[in-house]
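Enquirer: One structure is given below, represented as C-alpha coordinates, and several questions about it will come after.
The values are calculated or read from the model by the stated rules, or taken from the named source; none is laboratory data. Worth saying up front: this structure is predicted, and the values here are computed from it rather than measured. Cβ: placed from backbone, ideal geometry, glycine included. Neighbour counts: every protein chain shown.
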Amino acid sequence: MSYEFAEGYKIRDQHALHFLTFTVEGWIDIFSRQRYRDIVLTNLTFCRKNKGLFLGAYVIMTNHLHLIAKSEKGDLSGWIRDFKSFTTKNIIDSIQNEKESRKEWLLYMFRFFANKTNRNEFYKRWTGNNHPEEIHDEKFLQTKLNYIHQNPVRAGWVADTTDYLYSSASDYAGGKGLIEIDYLF
(Lines give C-alpha, C1' and ligand atoms only; values in the text may rest on other atoms or scores of the structure.)
Protein backbone atom coordinates (compact mmCIF):
# COMPACT_ATOMS: atom_id res chain seq x y z
CA MET A 1 0.00 0.00 0.00
CA SER A 2 1.39 3.41 -0.88
CA TYR A 3 1.00 6.45 1.31
CA GLU A 4 1.14 10.15 0.58
CA PHE A 5 4.52 11.60 1.54
CA ALA A 6 2.90 14.11 3.91
CA GLU A 7 1.01 11.33 5.64
CA GLY A 8 4.08 9.17 6.10
CA TYR A 9 3.85 5.74 7.57
CA LYS A 10 1.46 5.63 10.52
CA ILE A 11 -0.22 3.00 12.60
CA ARG A 12 -3.86 3.48 11.77
CA ASP A 13 -5.22 0.27 13.29
CA GLN A 14 -3.71 -0.45 16.72
CA HIS A 15 -4.97 -4.07 16.54
CA ALA A 16 -3.60 -4.91 13.08
CA LEU A 17 -0.55 -6.95 12.21
CA HIS A 18 2.33 -4.70 11.08
CA PHE A 19 5.76 -4.92 9.55
CA LEU A 20 7.98 -2.67 11.70
CA THR A 21 11.54 -1.42 11.40
CA PHE A 22 13.41 -0.05 14.43
CA THR A 23 16.58 1.77 13.41
CA VAL A 24 19.41 2.85 15.69
CA GLU A 25 20.18 6.58 15.49
CA GLY A 26 23.05 7.28 13.12
CA TRP A 27 22.92 3.66 11.96
CA ILE A 28 25.34 2.87 14.81
CA ASP A 29 26.25 -0.82 14.82
CA ILE A 30 25.28 -1.41 18.45
CA PHE A 31 24.00 -4.94 17.76
CA SER A 32 27.43 -6.10 16.66
CA ARG A 33 27.71 -7.11 20.34
CA GLN A 34 25.79 -10.18 21.49
CA ARG A 35 24.80 -8.69 24.85
CA TYR A 36 22.82 -5.90 23.16
CA ARG A 37 21.07 -8.35 20.83
CA ASP A 38 20.25 -10.43 23.90
CA ILE A 39 18.66 -7.39 25.60
CA VAL A 40 16.31 -7.10 22.62
CA LEU A 41 15.48 -10.82 22.75
CA THR A 42 14.85 -10.71 26.50
CA ASN A 43 12.51 -7.75 26.06
CA LEU A 44 10.64 -9.38 23.16
CA THR A 45 10.17 -12.53 25.25
CA PHE A 46 8.92 -10.50 28.21
CA CYS A 47 6.51 -8.59 25.99
CA ARG A 48 5.11 -11.79 24.47
CA LYS A 49 4.45 -13.22 27.92
CA ASN A 50 3.33 -10.09 29.76
CA LYS A 51 2.42 -7.24 27.40
CA GLY A 52 0.18 -8.88 24.80
CA LEU A 53 2.76 -8.80 22.00
CA PHE A 54 2.06 -11.13 19.10
CA LEU A 55 5.50 -11.66 17.55
CA GLY A 56 5.21 -13.32 14.16
CA ALA A 57 8.77 -12.82 12.91
CA TYR A 58 11.96 -10.90 13.66
CA VAL A 59 15.54 -10.30 12.63
CA ILE A 60 18.18 -8.30 14.51
CA MET A 61 20.82 -6.75 12.26
CA THR A 62 23.79 -4.68 13.48
CA ASN A 63 21.96 -1.35 13.45
CA HIS A 64 18.27 -2.12 13.03
CA LEU A 65 15.67 -4.78 13.54
CA HIS A 66 12.55 -5.83 11.67
CA LEU A 67 9.45 -7.37 13.21
CA ILE A 68 6.09 -8.61 12.11
CA ALA A 69 3.97 -7.99 15.17
CA LYS A 70 0.73 -6.77 16.62
CA SER A 71 -0.60 -5.80 20.01
CA GLU A 72 -3.24 -8.17 21.29
CA LYS A 73 -4.22 -5.35 23.67
CA GLY A 74 -4.85 -2.96 20.79
CA ASP A 75 -2.05 -0.53 21.69
CA LEU A 76 0.78 -1.16 19.24
CA SER A 77 2.01 2.44 19.51
CA GLY A 78 2.18 2.15 23.30
CA TRP A 79 4.03 -1.13 23.06
CA ILE A 80 6.57 0.39 20.64
CA ARG A 81 7.14 3.34 23.01
CA ASP A 82 7.67 1.02 25.98
CA PHE A 83 9.89 -1.36 24.00
CA LYS A 84 12.15 1.45 22.84
CA SER A 85 12.30 2.99 26.30
CA PHE A 86 13.13 -0.29 28.04
CA THR A 87 15.76 -1.37 25.53
CA THR A 88 17.36 2.08 25.55
CA LYS A 89 17.62 2.07 29.34
CA ASN A 90 19.05 -1.43 29.47
CA ILE A 91 21.52 -0.94 26.65
CA ILE A 92 22.76 2.36 28.10
CA ASP A 93 23.13 0.67 31.52
CA SER A 94 25.11 -2.13 29.88
CA ILE A 95 27.37 0.34 28.06
CA GLN A 96 28.01 2.25 31.28
CA ASN A 97 28.51 -0.70 33.62
CA GLU A 98 30.05 -3.49 31.56
CA LYS A 99 33.27 -3.67 29.58
CA GLU A 100 32.75 -1.82 26.30
CA SER A 101 35.65 -0.64 24.13
CA ARG A 102 33.39 1.92 22.43
CA LYS A 103 31.89 3.23 25.69
CA GLU A 104 32.80 6.93 25.43
CA TRP A 105 31.98 7.12 21.73
CA LEU A 106 28.62 5.33 22.07
CA LEU A 107 27.52 7.48 25.00
CA TYR A 108 28.68 10.63 23.19
CA MET A 109 26.74 9.69 20.04
CA PHE A 110 23.52 8.78 21.88
CA ARG A 111 23.75 12.08 23.83
CA PHE A 112 24.35 13.91 20.54
CA PHE A 113 21.15 12.47 19.05
CA ALA A 114 19.20 13.27 22.23
CA ASN A 115 20.36 16.89 22.10
CA LYS A 116 18.87 17.21 18.61
CA THR A 117 15.36 16.61 20.00
CA ASN A 118 13.09 18.78 22.09
CA ARG A 119 12.38 15.93 24.49
CA ASN A 120 13.85 15.47 27.95
CA GLU A 121 16.02 12.56 26.87
CA PHE A 122 19.62 12.21 27.94
CA TYR A 123 20.31 9.40 25.45
CA LYS A 124 18.45 8.71 22.20
CA ARG A 125 19.13 5.33 20.72
CA TRP A 126 16.23 4.76 18.32
CA THR A 127 15.03 6.91 15.45
CA GLY A 128 11.50 8.24 15.81
CA ASN A 129 10.09 6.47 12.76
CA ASN A 130 9.19 2.78 12.88
CA HIS A 131 8.14 2.65 9.23
CA PRO A 132 4.98 0.69 10.10
CA GLU A 133 3.29 -1.11 7.24
CA GLU A 134 -0.03 -2.77 7.95
CA ILE A 135 -0.25 -6.34 6.70
CA HIS A 136 -3.41 -6.53 4.59
CA ASP A 137 -3.13 -9.88 2.83
CA GLU A 138 -1.18 -13.12 2.73
CA LYS A 139 0.91 -12.15 -0.32
CA PHE A 140 2.17 -8.99 1.40
CA LEU A 141 2.76 -10.97 4.60
CA GLN A 142 4.86 -13.54 2.72
CA THR A 143 6.83 -10.75 1.01
CA LYS A 144 7.68 -9.14 4.35
CA LEU A 145 8.45 -12.46 6.03
CA ASN A 146 10.89 -13.31 3.22
CA TYR A 147 12.40 -9.83 3.42
CA ILE A 148 13.03 -10.22 7.16
CA HIS A 149 14.59 -13.65 6.87
CA GLN A 150 16.70 -12.77 3.82
CA ASN A 151 18.33 -9.74 5.53
CA PRO A 152 21.39 -11.65 6.86
CA VAL A 153 21.79 -13.43 3.51
CA ARG A 154 21.70 -10.12 1.61
CA ALA A 155 24.26 -8.75 4.09
CA GLY A 156 26.57 -11.66 3.21
CA TRP A 157 26.71 -13.03 6.77
CA VAL A 158 25.18 -16.43 6.03
CA ALA A 159 24.40 -18.49 2.95
CA ASP A 160 21.10 -19.81 4.29
CA THR A 161 18.47 -17.94 6.31
CA THR A 162 18.33 -20.69 8.93
CA ASP A 163 22.02 -20.24 9.75
CA TYR A 164 21.48 -16.81 11.30
CA LEU A 165 20.75 -17.12 15.03
CA TYR A 166 19.09 -13.73 15.61
CA SER A 167 16.12 -14.36 13.38
CA SER A 168 12.92 -16.36 13.35
CA ALA A 169 13.89 -18.07 10.06
CA SER A 170 14.78 -21.39 11.69
CA ASP A 171 11.37 -21.47 13.39
CA TYR A 172 9.66 -21.35 10.00
CA ALA A 173 11.96 -24.07 8.66
CA GLY A 174 10.92 -26.51 11.40
CA GLY A 175 13.72 -25.71 13.83
CA LYS A 176 13.79 -23.83 17.10
CA GLY A 177 15.01 -20.25 17.32
CA LEU A 178 16.48 -18.41 20.29
CA ILE A 179 13.05 -17.18 21.45
CA GLU A 180 9.48 -18.31 21.00
CA ILE A 181 7.40 -16.69 18.30
CA ASP A 182 3.75 -16.71 17.30
CA TYR A 183 3.56 -18.48 13.96
CA LEU A 184 1.90 -16.50 11.19
CA PHE A 185 0.67 -19.64 9.39
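Enquirer: If I filter the range 83-106 for residues that are in contact with a helix residue (DSSP H, G or I) (Cβ under 7 Å, 6 or more places away or on another chain), touching a residue at least 60 places away in the same chain (Cβ under 8 Å), under 13 Å from residue 26 (Cβ atoms) and not hydroxyl-bearing (Ser, Thr, Tyr), do I get at least one hit?
Expert: Yes, the range 83-106 contains at least one residue that is in contact with a helix residue (DSSP H, G or I) (Cβ under 7 Å, 6 or more places away or on another chain), touching a residue at least 60 places away in the same chain (Cβ under 8 Å), under 13 Å from residue 26 (Cβ atoms) and not hydroxyl-bearing (Ser, Thr, Tyr).
Enquirer: What single numbered condition from (1) without any contact (Cβ under 8 Å) to a residue 24 or more places away in the chain; (2) part of a loop (DSSP other than H, G, I, E, B); (3) in contact with a Lys or Arg (Cβ under 9 Å, 6 or more places away or on another chain); (4) charged (D, E, K, R) fails to hold for residue 124?
Expert: (1)
Enquirer: Out of 149, 131, 136, report the one residue that is under 18 Å from the mean Cα position of the chain (by Cα) and either among the small types (Gly, Ala, Ser) or assigned to a loop (DSSP other than H, G, I, E, B) (or both).
Expert: Of the residues listed, the single one that is under 18 Å from the mean Cα position of the chain (by Cα) and either among the small types (Gly, Ala, Ser) or assigned to a loop (DSSP other than H, G, I, E, B) (or both) is 131.
Enquirer: Right, here's the next one. Out of everything in the range 106-121 that is among the charged types (D, E, K, R) and not in a helix (DSSP H, G or I), what residue ends up being modelled with the highest pLDDT? Talk me through it step by step, then tell me what you get.
Expert: In the first step, residues of the range 106-121 are kept if they are among the charged types (D, E, K, R); the result is 111, 116, 119, 121.
Keeping just the survivors that are not in a helix (DSSP H, G or I) gives 116, 119, 121.
Numbers: 116: 79, 119: 63, 121: 67.
Looking at the filtered set, the residue picked out is 116.
Enquirer: Quick one: in the range 152-185, which of the residues that are assigned to a helix (DSSP H, G or I) and small (Gly, Ala, Ser) is farthest from the chain's Cα centre (by Cα)?
Expert: My answer is 170.
Enquirer: Quick one: in the range 138-158, which of the residues that are out of contact with any helix residue (DSSP H, G or I) (no Cβ under 7 Å at 6 or more places or on another chain), surrounded by fewer than 18 Cβ atoms within 10 Å (Cβ to Cβ) and among the hydrophobic types (A, V, I, L, M, F, W, C) is farthest from residue 176 (Cα to Cα)?
Expert: 140
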